[in-house]
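*Asks:* One structure, pasted below without further comment.
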Amino acid sequence: MTTTEQLSAFDLDPTVAAPVVDVSRFGFEGPLDEAAAEYARDARFFEYTKAANPLATGTISAVPATRFGAELYADGPTRCVPLDIAAQLGIESGPATSPGLLASFLRIRAGESYDTAPNATSELYYVLRGRGYSQLGDRAVRWEKGDFLTLPAGTVASHRAESDAALYWVTDEPLLRHLGATATQPRFRPTKFGREAATAELRRIAEQPGANEKNRVSVLLANAEEEQTLTITHVLWAMLGLLPAAQVQRPHRHQSVALDLILDCQPGCYTVLGVRLDERGEIVNPRRVDWEPGGAFITPPGMWHSHVNESGADAHLVPVQDAGLQTYLRALDIRFTDRR
């Protein structure tokens, strides 16, 4: 008998009830009835158009474009400053900068340390200033201004500053909280991306013919373990970017959130954001977010955006996204305007 013939013997019409079975002969009719009522207690039903897009209907909140200034960590005691918009996102489980990521500024005074042990699959650190080292069990890795460091799940670290230091720290801890999961299996080894190597590669890219005509002049950071996504971890994506003087980037969008860290810039550097383009490929009614050296801002997923440098000097930035995860899910959907 073929599979089709076998299935035809059953009535799969969902509007027709299953044949009645006398369960009393099994001796647990009462408990079954009680369990059925309990398991059905939280069930809800919605007409498709009422619940197919909770973001559009306002049931779930959009990620807001939010700025965070360098004054948050400029001075004061050793501490962690979460860039927390959990309240705006309706997240009650803990701090979050996006539904899946948490960015923070770490300020560590010279001779002091700050310990970390997040429930996260991925940690990324960028050293804004100073130098020091991170103790990882019986091993240590040194870092200084301009270095990147990534740490995997289960890492307990103590970060000690040898001179006054500030670090930008991004984890996927909110994602783990949402999933109700505990990160236990490292997916990559602790990895350092040194300043000299990263800036040398960026310089090589910038000096190639026609570099300024590209939509980005940047070096993507990747881990040898991420052969499919080509990202810095299996969840995170990061780059060291250059925005040359007098460049206006073509608008683009992607479904990953971008946590943009601005390094050096002069007045006249900014990002414009909007939800749609006009017939010329320009952003309609754009919101302008001015850049601040050492500051950060959130570029929401799915929003058209363009970086602009109207100053007379080059500028540098470090965007961190959840694009490793989005790429793996085949959902990144990065698009560029046709405008040149």
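*Asks:* Checking His305 against (1) open to solvent by less than 10 Å² (accessible area, probe 1.4 Å); (2) within 28 Å of Phe188 (Cβ to Cβ); (3) in a strand (DSSP E or B), only one condition comes out false. Which one?
*Replies:* Only one criterion is unmet by His305, namely (2).
*Asks:* Do the conditions hold for Gly100, that is, is it more than 19 Å from the chain's Cα centre (by Cα) and touching a residue at least 24 places away in the same chain (Cβ under 8 Å)?
*Replies:* Working: more than 19 Å from the chain's Cα centre (by Cα): no; touching a residue at least 24 places away in the same chain (Cβ under 8 Å): yes.
Against the criterion (more than 19 Å from the chain's Cα centre (by Cα) and touching a residue at least 24 places away in the same chain (Cβ under 8 Å)), Gly100 does not qualify.
*Asks:* Please go through segment 290-300 and pick out each residue that is under 16 Å from Val257 (Cα atoms) and crowded, with 21+ Cβ neighbours inside 10 Å. Spell out the reasoning first.
*Replies:* Kept after step one, since they are under 16 Å from Val257 (Cα atoms), are these residues of segment 290-300: 296-300.
Scanning segment 290-300 gives Ala296, Phe297, Ile298, Thr299.
*Asks:* While we're on this one: Select from segment 99-117 the residues that are closer than 13 Å to Leu151 by Cβ and not in a strand (DSSP E or B) and list them in ascending order.
*Replies:* Across segment 99-117, the qualifying residue is only Ala117.
*Asks:* For segment 86-96, check the following and say yes or no: at least one residue is closer than 27 Å to Asp264 by Cβ and modelled with pLDDT of 95 or more.
*Replies:* no
*Asks:* Within segment 316-338, does at least one residue satisfy the condition of being in contact with a strand residue (DSSP E or B) (Cβ under 7 Å, 6 or more places away or on another chain), open to solvent by 60 Å² or more (accessible area, probe 1.4 Å) and assigned to a strand (DSSP E or B)? I'd like the intermediate steps shown before the answer.
*Replies:* To start, the set of residues in segment 316-338 that are in contact with a strand residue (DSSP E or B) (Cβ under 7 Å, 6 or more places away or on another chain) comprises 316-321, 323-324, 334-337.
Applying the additional criterion that residues be open to solvent by 60 Å² or more (accessible area, probe 1.4 Å) yields 334-336.
Next cut, assigned to a strand (DSSP E or B) only: 335-336.
The answer is yes, given that some residue of segment 316-338 is in contact with a strand residue (DSSP E or B) (Cβ under 7 Å, 6 or more places away or on another chain), open to solvent by 60 Å² or more (accessible area, probe 1.4 Å) and assigned to a strand (DSSP E or B).
*Asks:* Take the residues in segment 118-137 that are assigned to a loop (DSSP other than H, G, I, E, B) and not polar (S, T, N, Q), then tell me which one is most open to solvent (accessible area, probe 1.4 Å). Working first, answer last.
*Replies:* Here is the first cut: in segment 118-137, the ones assigned to a loop (DSSP other than H, G, I, E, B) are 118-121, 130, 137.
Narrowing further to those that are not polar (S, T, N, Q): 118, 120, 130, 137.
On the way: Pro118: 19, Ala120: 3, Gly130: 20, Gly137: 61 Å².
Ranking the qualifying residues of segment 118-137, first place goes to Gly137.
*Asks:* Among the residues of segment 244-269, what is the count of those that are over 21 Å from the mean Cα position of the chain (by Cα) and either free of Cβ contacts under 8 Å to residues at least 40 places away in the same chain or more than 19 Å from Phe68 (Cβ to Cβ) (or both)? Lay out the reasoning, then the answer.
*Replies:* We begin by selecting, within segment 244-269, every residue over 21 Å from the mean Cα position of the chain (by Cα); these are 244-250, 264-269.
Subset that is either free of Cβ contacts under 8 Å to residues at least 40 places away in the same chain or more than 19 Å from Phe68 (Cβ to Cβ) (or both): 244-250, 266, 268.
Going through segment 244-269 one residue at a time, the tally reaches 9.
*Asks:* Starting from segment 166-177, keep only residues that are over 13 Å from Gly94 (Cα atoms), then list their pairs with residues that are modelled with pLDDT under 95 and part of a strand (DSSP E or B) whose Cβ atoms are within a distance under 9 Å, requiring at least 6 positions of separation or different chains.
*Replies:* Correct list of pairs: empty, since none qualify.
*Asks:* Among (1) touching a strand residue (DSSP E or B) at 6+ places or on another chain (Cβ under 6 Å); (2) over 30 Å from Arg288 (Cβ atoms); (3) open to solvent by 50 Å² or more (accessible area, probe 1.4 Å), there is one condition Ile108 misses while meeting the rest; what is its number?
*Replies:* Of the numbered conditions (1) touching a strand residue (DSSP E or B) at 6+ places or on another chain (Cβ under 6 Å); (2) over 30 Å from Arg288 (Cβ atoms); (3) open to solvent by 50 Å² or more (accessible area, probe 1.4 Å), the odd one out for Ile108 is (3).
*Asks:* So if I check each of Ala181, Ala140, Ala166, which one is open to solvent by less than 20 Å² (accessible area, probe 1.4 Å) and hydrophobic (A, V, I, L, M, F, W, C)? So that I can check it myself, show each step before the final result.
*Replies:* Values: Ala181 fails: open to solvent by less than 20 Å² (accessible area, probe 1.4 Å); Ala140 fails: open to solvent by less than 20 Å² (accessible area, probe 1.4 Å).
So the residue among Ala181, Ala140, Ala166 that is open to solvent by less than 20 Å² (accessible area, probe 1.4 Å) and hydrophobic (A, V, I, L, M, F, W, C) is Ala166.
*Asks:* Would you mind telling me which numbered condition in (1) in contact with a Lys or Arg (Cβ under 7 Å, 6 or more places away or on another chain); (2) part of a loop (DSSP other than H, G, I, E, B) Pro95 fails?
*Replies:* Failing condition for Pro95: (1).
*Asks:* Mind listing just one residue for me: the one in segment 155-204 that is of a type in the set (Ser, Thr, Tyr) and not in a helix (DSSP H, G or I) and, of those, nearest to Ser122 (Cα to Cα)? Even if it seems obvious, please write down each step before you answer.
*Replies:* Step one: filter segment 155-204 for residues of a type in the set (Ser, Thr, Tyr), giving 155, 158, 163, 168, 171, 182, 184, 191, 199.
Now drop any that are not not in a helix (DSSP H, G or I), which leaves 155, 158, 163, 168, 171, 182, 184, 191.
On the way: Thr155: 9, Ser158: 16, Ser163: 26, Tyr168: 14, Thr171: 6, Thr182: 12, Thr184: 11, Thr191: 11 Å.
In this case the residue turns out to be Thr171.
*Asks:* Taking the stated definitions as given, is Asp314 under 21 Å from Gly274 (Cα atoms) and acidic (Asp, Glu)?
*Replies:* Criteria not met by Asp314.
*Asks:* Another question, if that's okay. May I ask you to list the residues in segment 108-153 that are acidic (Asp, Glu) and within 26 Å of Ala222 (Cβ to Cβ)? Walk me through it before giving the result.
*Replies:* Of the residues in segment 108-153, the ones acidic (Asp, Glu) are 112, 115, 123, 138, 144, 147.
Residues satisfying the conditions are Glu123, Glu144, Asp147.
*Asks:* Examine segment 242-261 for a residue that is in contact with a His (Cβ under 9 Å, 6 or more places away or on another chain) and acidic (Asp, Glu), and state whether such a residue exists. Show your work before the answer.
*Replies:* Going residue by residue through segment 242-261, those that are in contact with a His (Cβ under 9 Å, 6 or more places away or on another chain) are 242-243, 247-249, 251-253, 258, 260.
Now narrow it down to the ones that are acidic (Asp, Glu): 260.
Yes, because at least one residue in segment 242-261 is in contact with a His (Cβ under 9 Å, 6 or more places away or on another chain) and acidic (Asp, Glu).
*Asks:* Just to be sure I understand, how many residues within segment 73-92 are closer than 16 Å to Tyr126 by Cα and not in a strand (DSSP E or B)?
*Replies:* The total comes to 3.
The values are calculated or read from the model by the stated rules, or taken from the named source; none is laboratory data. Remember, predicted model here, so these are calculated numbers, not experimental data. Neighbour counts run over all protein chains shown; Cβ positions are idealised from the backbone, glycine included. Calculation scope for accessible area: heavy atoms of the full protein, side chains included, ligands and nucleic acids excluded. Shrake-Rupley method; radii C 1.70, N 1.55, O 1.52, S 1.80 Å.
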